[in-house]
Amino acid sequence: LMGMRDEFWEARDWVRDQLDHDHVGMVSVFETTIRSLGGLLAAYDWSADPAFLDRAEDLGSRLAEAFSSPSGLPFGQVHLGKACCAHNPSWSKGPAILSEVGTLQLEFRSLARATGKPEYARRAERVFEVLDTIMPEDGLMPLRVQMNGIQTPIFSGREISLGAMGDSIYEYMLKIWLQGGRKEPMYRAMYDRSMQGVHDELLKRSSPAGLAYFADLKYGGIEPKMDHLACFMGGLLALGAHSDPLGMDGPRARRDLETAKAVTYTCYQMYARTEVGISSEYVEFVGGDDFKVPSRAPHYLLRPEAVESFFILHQVTGDPIYREWGWEVFQSIERYCRTKFGYGHLRDVRRPSAGPDDQMESFFLAETLKYLYLLFDPDSEVDVLSKHVFNTEAHPTRIFDS
């Protein structure tokens with residue numbers, strides 16, 4: 001996309017000749033799927049180079065062992081090494097995390113399609129079939145799922161969030177439906193049911209400015225905070241409105257697009273109202289002052305969710321304001337997070353002198369910079385409205401044509 005072909009083929013050679021999963025131990029199934037497997041599959045989809053598919057199938061076959069639980073919901077960790085295929089009882093300790101079991105399907109469906117091996121897709125799709133049978137009436141699923149040694153999993157507790165541990169499962173409800181060419185109604189029905197619950201129970205307004213935000217539910221009551229992670233919802237709602245089977249002019253799509261714009265504006269304010277122009281990990285909404293940066297989480301981890309929504313809303317609406325906001329965010333990242341050899345997590349958005357940490361997550365390159373680049377690229381081949389679907393780590397693959 002950027003014309004850096006020499007660098008791309010150099011990376012291809014490394015993947016082909018040196019990428020080896022035999023010597024890797026226990027890994028997060030969720031993180032490895034969305035980052036590594038998703039990246040390899042997107043590289044294959046865009047280049048058609050078989051080296052990427054070869055390594056993707058090697059990795060995917062090892063990760064797929066996580067689905068060997070009694071319920072079909074994946075274990076949270078798996079051993080990638082040569083002993084990967086022996087069941088390890090320690091994988092199943094504790095309840096599963098909601099977002100981790102429901103954010104693997106785009107990747108395994110892409111792997112199934114590219115390899116012609118449908119079993120990869122079936123094992124991942126089984127997760128949503130199970131969740132559909134136990135989903136609460138309001139469509140809002142608790143963050144933990146008990147699956148230890150039982151055939152039918154059950155939700156544990158009533159803690160609900162569109163931020164950490166819950167976010168991307170709602171994203172995949174819509175995106176699996178989009179990936180399949182809008183021909184699998186169960187996923188869209190789950191998404192619409194959940195978004196109704198989001199509007200009924202989680203959408204709140206601040207005081208005095210009336211900023212829209214998505215609160216958490218904790219111990220049966222509202223917790224007036226919103227994670228930066230939840231800022232992905234602006235883009236998701238806009239994408240859902242644009243693809244609504246009832247049409248963009250219907251009341252549901254209009255509602256969702258209005259909420260998308262309002263919440264994304266709040267996410268922009270989470271940046272604009274700090275001294276450094278960068279958002280903290282989450283904000284707390286306090287009466288009379290809209291929101292504040294909490295002392296428990298004043299850091300910025302180079303997260304992409306706000307600029308992700310800027311990009312998608314710009315695609316849907318064409319409104320140039322999203323490019324203006326994106327440029328402001330980019331300038332702040334350049335000023336406060338750039339180091340000699342990369343970009344670092346910002347320790348405290350309240351104290352510019354604190355400086356960045358010596359740490360940079362892979363999602364900064366895969367997502368944050370990619371969304372910013374695409375936001376400003378007028379001739380991009382990426383088409384999220386009709387041709388491509390992004391996994392939650394911003395790796396784009398083509399929508400299935402059949």
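The values are calculated or read from the model by the stated rules, or taken from the named source; none is laboratory data. Small disclaimer: the values here were computed from a predicted structure and weren't measured. Here the Cβ is made from the backbone with ideal geometry for all residues, glycine too, and neighbour counts use every protein chain on show. The protein model used for the area step is the full one, side chains on, heavy atoms only, and it has no ligands, DNA or RNA in it. Shrake-Rupley method; radii C 1.70, N 1.55, O 1.52, S 1.80 Å.
Under a 5 Å amide H to amide H cut-off, with H placed in plane at 1.01 Å, what residues pair with Tyr343 once short-range neighbours are removed?
none
Along the Cα-to-Cβ line of Arg158, 7 Å from the Cα, sits a label point; which residues in region 212-237 have backbone N less than 19 Å from it?
Taking a point 7 Å out along Cα→Cβ of Arg158, the residues of region 212-237 whose backbone N falls under 19 Å are 215-225.
At 0.36 nm per residue, and after removing the present C-alpha to C-alpha distance, how many nm does the segment from Arg254 to Lys204 gain when stretched out fully?
16.2 nm
When only the heavy atoms of the protein chains count and the probe is 1.4 Å, how do Arg122, Arg335 rank by accessible area, highest first?
Largest accessible area first, the residues go Arg335, Arg122.
Of the peptides 385-391, 354-360, how do they stack up when ordered by the mean number of other Cβ atoms within 10 Å, highest first?
With the highest mean Cβ count within 10 Å placed first, the list reads 385-391, 354-360.
For region 55-63, in order, what is each residue's ³J(HN,Hα) by Karplus, 6.51 cos²θ - 1.76 cosθ + 1.60 with θ = phi - 60°, in whole Hz (x at glycine and Pro)?
Using θ = phi - 60°, the values come out as 6, 5, 5, 4, 5, x, 5, 6, 5 Hz.
What accessible area, in Å² to the nearest ten, does a 1.4 Å probe give for Trp14?
Here the accessible area works out near 120 Å².
Please report, largest first and rounded to whole Å, the three semi-axes of the ellipsoid equivalent to region 164-289, where each semi-axis is the square root of five times an eigenvalue of the C-alpha gyration tensor.
Its equivalent ellipsoid spans semi-axes of 27, 15, 14 Å.
Once both labels are modelled 7 Å past Cα along the beta-carbon direction, what's the Ser28-Met186 spacing in nm?
In this crude label model, Ser28 to Met186 measures out at 2.7 nm.
Based only on Cα atoms, what Rg/Rh ratio does region 231-359 have, Rh being taken as Kirkwood's radius?
On the Cα set of region 231-359, Rg over Rh gives 1.04.
What are the ³J(HN,Hα) couplings of region 162-170, residue after residue, when phi is run through the Karplus curve with 6.51, -1.76, 1.60 and θ = phi - 60°? Round to Hz, x for glycine and proline.
Coupling constants for region 162-170: 8, x, 4, 6, x, 3, 6, 5, 6 Hz.
Considering Cα pairs under 8 angstrom that are at least six residues apart, work out the relative contact order of the chain and quote it in whole percent.
About 13 percent, as a whole number.
So for the pair Leu365, Phe400, with labels modelled 7 Å out along Cα→Cβ, what separation do we get in nm?
Distance between label points: 3.1 nm.
Hey, if we sort Asp379, Asp348, Asp289 by accessible area with the 1.4 Å probe, largest down, what's the order?
Accessible-area ranking of Asp379, Asp348, Asp289, largest first: Asp379, Asp289, Asp348.
Taking all protein chains together and a probe of 1.4 Å, list Glu184, Glu275, Glu125 from the most accessible to the least accessible.
Per-residue accessible area, sorted high to low, gives Glu275, Glu184, Glu125.
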